[in-house]
Amino acid sequence: MSSLQSFDLSPGAWVIAVLCAIMIGMSKTGVSGLSILYIPVLAALFGGRLSTGILLPMLIMADMLAIIYYRRHAEWKYVFRVLPWALVGISIGLFVGRSISDILFGRLIAVLVIISLAVGIWSDSAKGEKTIPHKWWFAASFGLLGGFSTMIGNAAGPLMAVYLLAMGLPKKTFVGTAAWFFAIVNLIKLPLQVWWWDNIYADGLCLNAVLLPAIAVGAFLGVMFLKHIPERYFRIFILVTTLAGALYLLIKQ
């Protein structure tokens with residue numbers, strides 16, 4: 001536990017970290033709109049670059065919990081459509097991300113969230129264009145942007161949420177598909193951040209282990225939420241929470 005002293009967190013900061021861990025668990029098992037809330041909070045708590053290294057192992061732990069529960073609720077064809085393009089986006093983010101300042105990092109995340117919201121509103125209003133979300137370039141665009149944003153800031157959640165909503169997936173399939181996609185992507189990113197960015201280390205992993213119970217609590221709350229929210233309100237909830245998160249992120253900038 002002595003390694004945790006390197007973070008020098010106040011009691012208030014510990015409360016914030018625990019709340020973020022709970023939100024991470026919830027975001028992976030049903031309340032995906034929360035993802036855009038804990039990213040800027042952790043960035044403010046630990047700094048932009050360091051926060052991505054602390055957040056990634058927490059996301060992987062939450063991914064595993066989501067897969068355990070929703071492992072049978074996944075549409076793999078949607079995963080395979082975006083995954084190759086996401087790998088390209090990760091490659092771009094890998095080289096660009098090391099030279100991006102914390103301020104520019106925050107602005108890039110804000111722009112990517114705005115793009116995802118704009119596309120989400122467009123896909124809802126363009127009732128006569130339902131074939132467009134199934135075009136190859138639609139998946140390619142979201143894959144590239146998602147891969148890039150997840151590499152520089154673990155911030156692909158809103159983009160993937162909008163993409164999967166455009167596919168018209170029911171809530172459990174939505175969560176299960178997202179869980180598998182992010183589990184694969186985050187495991188690919190792990191060695192890259194360990195050896196290339198050098199922002200995952202023993203102290204951070206110790207902090208991750210301490211916060212694991214809070215992640216598990218959040219995962220349980222997310223499952224309960226998804227069970228009780230009607231299908232027709234699930235889509236609205238995701239779009240509204242993503243909008244709220246984007247506004248918060250812009251205000252913080």
(request) Sort out for me the helices (runs of 4 or more DSSP H) sitting completely within region 150-253 that have 3 or more residues that are loosely packed, with under 15 Cβ neighbours inside 10 Å and without any contact (Cβ under 8 Å) to a residue 60 or more places away in the chain. (result) 202-228, 231-252
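I'd like to verify a number: residues in region 14-38 that are at pLDDT below 90 and in a helix (DSSP H, G or I), how many? Full working, then the answer.
Taking region 14-38 as the starting set, the residues that turn out to be at pLDDT below 90 are 30-38.
When the remaining residues are screened for being in a helix (DSSP H, G or I), the result is 32-38.
Matching residues across region 14-38 total 7.
Among the candidates Ile67, Ile22, single out the residue that is farther than 22 Å from Leu239 by Cβ and surrounded by fewer than 22 Cβ atoms within 10 Å (Cβ to Cβ). Spell out how you get there, then give the answer.
On the way: Ile22 fails: surrounded by fewer than 22 Cβ atoms within 10 Å (Cβ to Cβ).
Residue meeting the stated conditions: Ile67.
The values are calculated or read from the model by the stated rules, or taken from the named source; none is laboratory data. Quantities reported herein were computed from a predicted structural model and do not represent experimental measurements. Please note: Cβ atoms are built from the backbone with ideal geometry, for glycine as well, and neighbour counts cover all protein chains shown.
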